[in-house]
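Worksheet: the structure to be examined is printed underneath.
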Amino acid sequence: MKHGPLSLVRLVTGVAALSALCPGIGNAAEPTAKAPAPIAVDPATLPAPKRVIIPKLQAVLTIDGEFNEPVWAKAATIGPFVLSSNGERERESTMVRLWYDDTALYLGYTCTDSDIQATLTAHDSRFWTEEVVEFFVTRREMARYFELEWNPLGGTFDAIIANVLDERGVSKKIDGDWSYTAKLMKSAVKVRGTVGKTDDKDEFWQVEIVIPFADLGEAPPKPGDVWRGNFYRFSRGTNQPVEALAWTPTILAGFHQPNRFGYLEFGK
Ligand SMILES: [Ca+2]
Ligand SMILES: [Ca+2]
């Protein structure tokens, strides 16, 4: 995947794509193409984004949604998540395990969930209208980053986002290049419960993920390198408000606030 102006030329700017990439916090079932509402918060006053050191480890994995390889016990962990809009505690816990090697970044999401809701399976579906976990990441400029998603039924989404930021670094507008595909990425889901059946009690769903650096158009990071990224989840339940959850809360409107992404430091 080439970086730079060439890939931006191919940006999809259609209304459908734009609206799909602007899920409204708390009302993600009806994403809108509206620009984020004027912010009441001065971004300069927000607490610093979170930081994690991702350990460099070695292992052979079976990508099956189980974290039973010993390497997962040595991974960094982040969580619980918080409401992205205000930093308040989430209803059900979210945890992500992280490590890397010379070829890839490895992620392991575990979502405690008493009512797992999902129906979509097709690649690049609007997964954020149901339950989903997401990872936004950039090694370079903040205005261009990858958006990757996984849902409880094994659905995946990948796009490159171009984000127009104002002078304070707050998002004014986003465009998504949905023609991008993370061709080498692999993932597998494990569910303890019944997806889409609300009259029983589920336990959790989790996703084991390999993101080769080649899919991000990048050489493997060196120890000490710092990328920017954030981890998100849409959490739903019967008769419960939708929770738009984050590792580092954006506080500003929506998930597409790259200056609020956390710091991903690659360790030794
Ligand atoms: Ca495994
Ligand atoms: Ca749920």
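Going by the structure shown, is TYR109 closer than 24 Å to LYS56 by Cα, within 16 Å of ligand 1 (Cβ to nearest atom) and buried (at least 22 other Cβ atoms within 10 Å of the Cβ)?
Working: closer than 24 Å to LYS56 by Cα: yes; within 16 Å of ligand 1 (Cβ to nearest atom): yes; buried (at least 22 other Cβ atoms within 10 Å of the Cβ): yes.
Here the answer is yes, as TYR109 does meet what is asked.
The single condition among (1) touching a residue at least 24 places away in the same chain (Cβ under 8 Å); (2) over 15 Å from ASP215 (Cβ atoms) that THR156 does not meet is (2).
Of all residues being more than 21 Å from ILE54 (Cα to Cα) and in contact with a Ser or Thr (Cβ under 9 Å, 6 or more places away or on another chain) in segment 227-244, which is farthest from ligand 2 (Cβ to nearest atom)? Just the residue, please. My answer is ALA244.
Residues in segment 122-135 that are closer than 20 Å to TRP247 by Cβ and either more than 16 Å from ligand 2 (Cβ to nearest atom) or not hydrophobic (A, V, I, L, M, F, W, C) (or both): 3 in all. The residue that is farthest from ligand 2 (Cβ to nearest atom), among those in segment 74-107 that are of a type outside the set (S, T, N, Q) and more than 29 Å from LEU46 (Cα to Cα), is ASP102. Just one residue in the set THR138, THR110 is away from ligand 2 (no atom under 16 Å from the Cβ) and either at pLDDT 95 or above or not β-branched (Val, Ile, Thr) (or both); that residue is THR138.
The residues of segment 205-226 that are in contact with a Ser or Thr (Cβ under 7 Å, 6 or more places away or on another chain) and either within 15 Å of ligand 1 (Cβ to nearest atom) or among the charged types (D, E, K, R) (or both), listed by number, are GLN206, VAL207, GLU208, ILE209.
The values are calculated or read from the model by the stated rules, or taken from the named source; none is laboratory data. For clarity, every value in this text was computed on a predicted model and none was experimentally measured. Cβ atoms come from the backbone with ideal geometry, glycine included; neighbour counts cover every protein chain shown.
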